[in-house]
Amino acid sequence: MKEKRIIIAMLMCCGMLTSFAQHISYRPFKHYGERVDEFEKAPAITSHDVVMLGNSLTEFGYEWNELLGMPNVVNRGIAGDTNEGIQRRLSQVLPYKPKAIFLMVGMNDLSHGITARQVFDRCRKTIDMILKGSPTSRLYVQSCLPYCESFGRWKALAGKSSEVPRINALLKSYCESKRIIYIDLYPHFLQPGTNQMKVEYSKDGLHLTPAGYSIWVARLKPYMVTLK
């Protein structure tokens, strides 16, 4: 009888895990679909894991566990992703109740021709979904980073660098109202006296060089100490 109960419990757990691993039908572009497929096949996130959630800046950090010196850090970044994309794939993260989530999102939304307030509104929805879907996870909201317009590569962001601090100000205020830890990375990447990223921190005006990732990692490590 005891063995039967154990078997039933194991089957129930397997069923729960299967229900967590929802297939993401939303596929706005090829790379998004490829990444969510990778995440579906990857080992399931656990309640001990720290999730790096975001767009290309997060994805291209690659082995965040090595950068941060913590084996339980997992990369859930997708290049080109927006708030909507993250919201659509939260079912791959929140049901597992990770220990912490580090969120960075907003720049791709800004490139879609909307205002700083509209970007913030989308970010707020993402934040609220995380808080509701996994209230036991510690949420850390990271500011958007500056970018460097002198490279001339990102036409959809041309002339919008002044919008980034406006997005960040709204994010900071909202996080303070919700008692969420807000990590202000923005000033650590700025060329003094401008709203542009230092050239040495970016390889194309938007994405980071190893030196840029070193700055980011240095700002995150104090928070990681509390998660070990």
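The values are calculated or read from the model by the stated rules, or taken from the named source; none is laboratory data. Model, not experiment: these values are computed from the prediction. Heads up, the Cβs are rebuilt from the backbone with ideal geometry, glycines too, and the neighbour counts pull from every protein chain shown. Calculation scope for accessible area: heavy atoms of the full protein, side chains included, ligands and nucleic acids excluded. Shrake-Rupley method; radii C 1.70, N 1.55, O 1.52, S 1.80 Å.
Structure data summary
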quantity	calculated
Solvent-accessible heavy-atom area per residue, rounded to whole Å², over the stretch 12-127 at 1.4 Å	43
Contour minus Cα-Cα distance for Met70 and Lys155 (0.36 nm per residue)	26.9 nm
Percent of alpha-carbon pairs separated by more than 33 Å within the chain	17
DSSP loop chymotrypsin sites (Phe, Trp or Tyr not before Pro) with at most 16 other Cβ within 10 Å: longest gap in the chain	63-228
Accessible area expressed per residue, the stretch 172-228, with surrounding protein chains retained (probe 1.4 Å, Å²)	54
Carbon/sulfur fraction of accessible area - the chain, other protein chains in place, 1.4 Å, %	58
Restraint check, Lys125/Lys160; Lys99/Lys203; Lys97/Lys221, Cα-Cα greater than 25 Å	Lys99/Lys203
Gaussian network model of the chain, Cα within-10 Å springs - most flexible of Asp184, Asp37, Asp121	Asp37
Calculated FRET efficiency for the pair Ser173/Leu131, C-beta based, R₀ 22 Å, to 0.05	0.85
Trypsin sites (Lys or Arg not before Pro) restricted to DSSP loop in the stretch 155-192 with at most 14 other C-beta within 10 Å	Arg179
Interatomic Cα distance distribution for the stretch 46-159, bins of 10 angstrom, percent	14, 45, 30, 10, 1
Full-stretch length increase - Gln118, Arg219 - with 0.36 nm per residue and alpha-carbon distance subtracted	33.6 nm
